[in-house]
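Only one structure is covered here, and it is reproduced in the block below.
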Amino acid sequence: MEERDKILIVDDEQSILDMLKLQLELEGYEVYTAASAGEALEKLSCWPDMILLDINMEGMNGLELCASIREFVSAPIIFLTARVSEQDKVEGLMAGGDDYITKPFSMNELMARLSAHLRRERRNCTRTKARFSRELVIDYARRAVYVRGNDLELSNKEFEIVGLLSRNSGQVFDRERMYELIWGIDGQGDSAVIKEHIRKIRQKLARYTEKPYIITVWGVGYKWEK
């Protein structure tokens, strides 16, 4: 029997938990729910393949919980949030999240985002190692980047940006196209998400090398330096 993908839903509104659990189970997923941060941390023992996480919870909020979850699992985390400002998006990414969906949302959009993340995770399991210079190694199978032997400890989306650009060295990608390719959805209006990820990748690279690797093509986008 084929193993089902496991989804952990964290929200302090029971009606949302019940609705999402029902819909996701109908789609064939194995679903776990948690109504608080403490319960969510206990449920991590199921080793979820995806986490849907509400930001506005009482006690430990979703951003704080996301940072704690990142100590245990690397599964993609999609924030469920009523917050829509650019700063809110940046804070979510800095906490370790991979994506966000604004309440109220359609189930079709949620399913599309969820499926895109899971497909990408499965594809990444079969990729091989590639060495791009004497100082930098990208291991696509292990989803790891090493500079002079140091692990950059990239998040899921940071690694996928590095993977996309490095596999297409010299090709320029605009932010909207990068968002669409990496998140699997229309990226219009989400350029701030890519900008923040690029900033964090560069910050991590700069700890060990002066070579930029990711080049800004002003007014166009980004490319990987050949």
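The values are calculated or read from the model by the stated rules, or taken from the named source; none is laboratory data. Note that the coordinates shown come from a computational prediction; the quantities given were computed from them, not determined experimentally. Methodologically, a virtual Cβ is constructed for each residue, glycine included, from the backbone with ideal geometry; neighbour enumeration extends over all protein chains shown. With ligands, DNA and RNA removed, areas are computed over all heavy atoms of the protein, side chains included. Shrake-Rupley method; radii C 1.70, N 1.55, O 1.52, S 1.80 Å.
If you go through region 212-223 one residue at a time, do you hit one that is out of contact with any helix residue (DSSP H, G or I) (no Cβ under 9 Å at 6 or more places or on another chain) and either part of a helix (DSSP H, G or I) or of a type in the set (D, E, K, R) (or both)? Among the residues of region 212-223, not one is out of contact with any helix residue (DSSP H, G or I) (no Cβ under 9 Å at 6 or more places or on another chain) and either part of a helix (DSSP H, G or I) or of a type in the set (D, E, K, R) (or both), which makes the answer no. The residue that is most open to solvent (accessible area, probe 1.4 Å), counting only those in region 73-114 that are within 19 Å of Met57 (Cβ to Cβ) and of a type in the set (Val, Ile, Thr), is Val84. When residues of region 197-219 are filtered for being touching a Lys or Arg at 6+ places or on another chain (Cβ under 8 Å) and either open to solvent by 20 Å² or more (accessible area, probe 1.4 Å) or free of Cβ contacts under 8 Å to residues at least 12 places away in the same chain (or both), how many remain? Residues in region 197-219 being touching a Lys or Arg at 6+ places or on another chain (Cβ under 8 Å) and either open to solvent by 20 Å² or more (accessible area, probe 1.4 Å) or free of Cβ contacts under 8 Å to residues at least 12 places away in the same chain (or both): 4 in total. Applying the set (1) surrounded by 15 or more Cβ atoms within 10 Å (Cβ to Cβ); (2) in a helix (DSSP H, G or I) to Glu64 leaves exactly one unmet item: (1). Among all residues of region 13-20, there is at least one that is assigned to a loop (DSSP other than H, G, I, E, B) and more than 19 Å from the chain's Cα centre (by Cα).
All conditions but one from (1) surrounded by 18 or more Cβ atoms within 10 Å (Cβ to Cβ); (2) at pLDDT below 85; (3) in a loop (DSSP other than H, G, I, E, B); (4) not basic (Lys, Arg) apply to Pro48; the one that does not is (2). Residues in region 21-45 that are surrounded by 20 or more Cβ atoms within 10 Å (Cβ to Cβ) and on the phi > 0 side of the Ramachandran plot: none. Looking for something open to solvent by 30 Å² or more (accessible area, probe 1.4 Å), touching a residue at least 40 places away in the same chain (Cβ under 8 Å) and of a type in the set (S, T, N, Q) - is there at least one such residue anywhere in region 13-20? No, every residue in region 13-20 fails to be open to solvent by 30 Å² or more (accessible area, probe 1.4 Å), touching a residue at least 40 places away in the same chain (Cβ under 8 Å) and of a type in the set (S, T, N, Q).
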